[in-house]
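Engineer: The structure that follows is given in the form of structure tokens.
Derivation of every value follows stated rules applied to the coordinates shown; laboratory data play no part. Keep in mind that this is a model prediction, so the values were computed, not measured.
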Amino acid sequence: MKIRNTLPSAVTMGNITCGFFSILCASNYQFEIAAWLIVVAMVLDAFDGRLARMMKCTSEIGAQLDSMADLVTFGIAPAMLLIKACTDFSNVFLWGVGSFFMICAAFRLARFNIQKNDNTTMSSHFYTGLPTTLSGGTIAQLVILDHFIQVKFGIDVVATLLPFVTFTLGLFMVSKVPFFNITGKIGLKQGVWLMMLEFFAAILFFVLTPVLTLSTVLSCYLIICAMYGVVKSRHLKKEYSTT
């Protein structure tokens with residue numbers, strides 16, 4: 001088997017491995033490490049499918065592996081992180097919110113697979129509902145931000161709001177609100193080398209100011225896209241895309 005056929009799947013396996021270790025870290029109360037593993041998985045998830053298309057080695061098994069990896073890393077792992085990190089709430093409440101988030105993530109991934117198999121016409125510029133990757137990544141970045149605020153200022157505001165934010169993210173995932181597809185702007189025609197340059201630039205961007213950069217970028221994206229989606233949903237309801 002050629003290396004180019006296994007490389008995209010290897011990246012996907014890296015995604016699901018990060019999710020698995022994130023769950024283990026959250027279970028052992030290593031919340032910041034668990035959150036950063038989800039962030040690393042976000043980077044891997046952004047490039048596995050694109051890498052497969054650029055190398056012309058897309059496959060059905062690769063698509064299914066990607067969905068399974070996303071459910072583990074951006075559905076189950078963030079739910080576990082929420083349950084373990086938010087100690088100010090009852091277990092029953094946290095289990096309920098975590099289960100709801102995981103179910104919404106599974107539903108959204110299943111909806112994507114059905115629409116793709118049915119060859120539904122969709123615009124490459126928008127997602128149907130909030131992507132699971134961004135949902136799980138938002139929970140992770142809030143946990144990272146909470147640790148940062150606790151160390152710097154000694155307050156615990158983010159963790160108090162996290163269950164309610166998680167519930168809202170779940171609603172956005174199963175909704176039909178269109179979210180702008182920023183990664184869709186990275187075209188296949190740009191070539192492998194430019195894509196690799198973008199990959200390393202993104203890593204450098206987060207290395208320099210990881211906590212504030214991550215929180216600012218994701219928060220601004222969610223707020224702007226949610227507002228834009230509500231306004232434009234009527235005009236774009238026939239042109240949705242999912243991932």
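Engineer: Could you give each residue of the range 87-98 its phi-based ³J(HN,Hα) in whole Hz, using Karplus coefficients 6.51, -1.76, 1.60 with θ = phi - 60°, and x for Gly or Pro?
Structural biologist: With the stated coefficients, the range 87-98 comes to 7, 7, 10, 5, 4, 4, 5, 5, 4, x, 5, x Hz.
Engineer: Now a separate question. Could you give the length gained on full extension between ASP156 and THR6, defined as 0.36 nm per residue of separation minus the Cα-Cα distance, in nm?
Structural biologist: Extending this stretch completely gives an extra 49.6 nm.
Engineer: Figure the gain on full extension for PHE148 and GLN30 (residue separation times 0.36 nm, minus the Cα-Cα span) and round it to one decimal in nm.
Structural biologist: 41.1 nm
Engineer: Continuing with this model, one more query. Stretched out fully, how many nm does the piece from LEU171 to VAL92 gain, at 0.36 nm a residue minus the Cα gap?
Structural biologist: This chain segment gains 26.5 nm when fully extended.
Engineer: Another question about this same structure. Which ³J(HN,Hα) values in Hz, rounded to whole numbers, follow from the phi angles of the range 143-160 under the Karplus curve 6.51 cos²θ - 1.76 cosθ + 1.60, where θ = phi - 60° and Gly and Pro get x?
Structural biologist: Here the 3J(HN,Hα) series is 5, 5, 5, 4, 5, 4, 5, 5, 5, 7, 10, x, 10, 10, 8, 4, 4, 5 Hz.
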